[in-house]
2 protein chains.
Amino acid sequence: MSMIETAAVEGGGSLHQRILSDISEKILSGAWAPGFRIPFEHELTAEYNCSRMTVNKALSQLAKAGLIERRRRSGSFVRQPQSQAAVLEIHDIRIEVEALGLAYRYERVARQKRRSSAEDRGLLELDAAGQVLALECRHFAGKRPFAHEQRLINLAAVAEAAEEEFLDIAPGPWLIGRVPWSEAEHRIRAVAADRHIAEALDIATGAPCLVVERRTWSAEYPVTQVRFTYAAESHTLVARFRPSQG
Amino acid sequence: MSMIETAAVEGGGSLHQRILSDISEKILSGAWAPGFRIPFEHELTAEYNCSRMTVNKALSQLAKAGLIERRRRSGSFVRQPQSQAAVLEIHDIRIEVEALGLAYRYERVARQKRRSSAEDRGLLELDAAGQVLALECRHFAGKRPFAHEQRLINLAAVAEAAEEEFLDIAPGPWLIGRVPWSEAEHRIRAVAADRHIAEALDIATGAPCLVVERRTWSAEYPVTQVRFTYAAESHTLVARFRPSQG
DNA sequence: CGTTTCAATATGTATATACATAATCGCCAT
DNA sequence: ATGGCGATTATGTATATACATATTGAAACG
């Protein structure tokens, strides 16, 4: 036990962590191809000279990560690579702008409290009518407009937003931290700038723009719907993915 | 123990699973706000009448999921909602087209085996020169072109690709299952169609297009780089995210 | 020959226990 | 006051054990 434990400490983490990374290394390098039956728990127990619980912890995590599939009585098998899923991080715009080394500025263009229209209800996926707050904002990177934001907030879910003017703080950061969100849906697509967007972003009408729409729920209640429009040159979404965590 | 265990079975999963979902429900509903100190392990142990290991398993998973932060001697705390990370699923194009209820057709436009140019090496992030396979393909939904694909395959990593004509099978599905991939990077942006793309997708020059670029590595070796271009009307990426699994 | 039954097996979950580790609190001496 | 020091506390990891559960393979039986 002592030697292996030492190796585990040298490796940086705990023993079950080391077992986990050893196995995912074998899978990701291709040494253990899809369909391959990885050693039984009791074999790994012998190999690492540890208890079954420790091996089990590692294998359970690998199964939850989708790298292996476990079958009772049969063993654990390397899974076929499945869907091309990527973890896409969508940051706060201020952070994004500042990461580019540019000065960030925020501007509220319009704010309207109103009874939800049919269109509003469609965007928020609301069943019944109610008060909503409609906002239009611009985010600047240096002197140039970087993104245009069009947002609806469901006042039934976030009553305190009715009192906020959003002159100095953007609705995104305001909402985060105030409203716990349980679910979000993103839609990403390319569109041609209409006249309104073209003016707001200081680009030509018809120029390609990247649109990111997000709907957010908190425990079944729709909270907000927002549509960010970026001028094509100004923005690229980057997503990195690893099948397992190291 | 018996009553709680029964409740757990009714809840669908195991006891640690039930503890996990109880707590994430509290967090996501906002009942336990960010910063709130959730009960100590020994308190939950008493509440659920189970061992500390069982509670620990649930809390460890919550910590790994990012919902709580654990501090020795202090306890476990509800975390501030952090990054807006979303699980973006990028499927095989055939699947996407068929999900729309349209007939899928694949066409190989061009194929060239060549020594990597400086541009190729930049796209693949290759250090040294070597053989690459350059492919150009089109994917159809019904009669209309749906996506244009431009791909480089690093033949040093996938030698067998040199023998494949890719007339009947698209390179994506061919590569998946053959090459285990350990890492991928996506870049998503909007562009205006140039003449070549406009012709390939049968749209107007300058029309907005969604571009998804993907680079794939297998155990440190660059495998392939691909650029999909979609006509704006034809495509929206959808990503759904929950901070925890239910 | 087919079907039922049963034992063997690998994983799934939970327990009680032990010791390690990090952080905090309060006491004490300076 | 204040700076160090040890006790306390909560989490982190690992062990040995136990029983549940699903599945397979083989033996027993009609």
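A compact table of results
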{"read-out": "Longest segment of chain A lacking GluC sites (Glu not before Pro) that sit in a DSSP loop with at most 10 other Cβ atoms within 10 Å", "value": "A:1-164"}
{"read-out": "Within segment B:71-112, backbone nitrogen closer than 19 Å to the virtual label 7 Å beyond the Cα of residue B:47 toward Cβ", "value": "B:71-80"}
{"read-out": "Computed Kirkwood radius, in angstrom, where 1/r is averaged over Cα pairs of segment B:122-172", "value": "12.4"}
{"read-out": "Globularity ratio of segment A:72-207, using Cα Rg and 2.2 N^0.38 Å", "value": "1.36"}
{"read-out": "Shielding by partners - mean other protein chain Cβ count within 10 Å, residues of A:183-196", "value": "6"}
{"read-out": "Segment A:23-126 - Rg over Rh from alpha carbon coordinates, Kirkwood radius", "value": "1.31"}
{"read-out": "Interface residues, segment A:79-120 - accessible area loss of 50 Å² or more versus chain alone, probe 1.4 Å", "value": "A:81, A:84, A:86, A:88"}
{"read-out": "Accessible area expressed per residue, the protein assembly as shown, with surrounding protein chains retained (probe 1.4 Å, Å²)", "value": "50"}
{"read-out": "Residue A:117-residue B:113 FRET efficiency (beta carbon distance; Förster radius 56 Å; 0.05 resolution)", "value": "0.45"}
{"read-out": "For segment B:2-78: Kirkwood Rh in Å [reciprocal of mean 1/r, alpha carbons]", "value": "12.5"}
{"read-out": "12 Å beta-carbon shell around residue B:162, net charge (K/R +1, D/E -1)", "value": "-1"}
{"read-out": "Label 7 Å beyond Cα on the Cβ vector: residue B:75 copy-to-copy distances, nm", "value": "4.8"}
{"read-out": "The protein assembly as shown, helix-only ellipticity at 222 nm - DSSP H runs n ≥ 4, -39,500 (n - 2.57), divided by all residues, nearest 500", "value": "-8500 deg cm²/dmol"}
{"read-out": "Size of the B/A contact, given as accessible area buried on both chains, probe 1.4 Å, in Å²", "value": "4700"}
{"read-out": "Of all accessible heavy-atom area on chain A, the percent that carbon and sulfur account for (1.4 Å)", "value": "50"}
{"read-out": "Cα convex hull volume per residue for chain B (Å³)", "value": "188"}
{"read-out": "Those lysines that a straight Cα-Cα span of less than 17 Å connects to residue B:57, excepting residues fewer than 8 apart in one chain", "value": "A:57, A:64"}
{"read-out": "Within-11-Å neighbourhood charge of residue B:111 [Cβ basis; K, R +1; D, E -1]", "value": "+1"}
{"read-out": "Relative contact order of segment B:87-240, defined on C-alpha pairs under 8 angstrom at six or more residues apart (%)", "value": "24"}
{"read-out": "Semi-axis lengths (Å, descending) of the ellipsoid that matches the C-alpha gyration tensor of the protein assembly as shown", "value": "39, 36, 20"}
{"read-out": "List of segment A:199-216 residues, accessible area with partners at least 10 Å² below that of the chain alone (1.4 Å probe)", "value": "A:206, A:208, A:210, A:214"}
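The values are calculated or read from the model by the stated rules, or taken from the named source; none is laboratory data. Quantities reported herein were computed from a predicted structural model and do not represent experimental measurements. Every residue, glycine among them, receives a Cβ derived from its backbone with ideal geometry; neighbour counts consider all protein chains shown. Note: accessible area is taken over every heavy atom of the protein model, side chains too, but ligands, DNA and RNA are not part of it. Shrake-Rupley method; radii C 1.70, N 1.55, O 1.52, S 1.80 Å.
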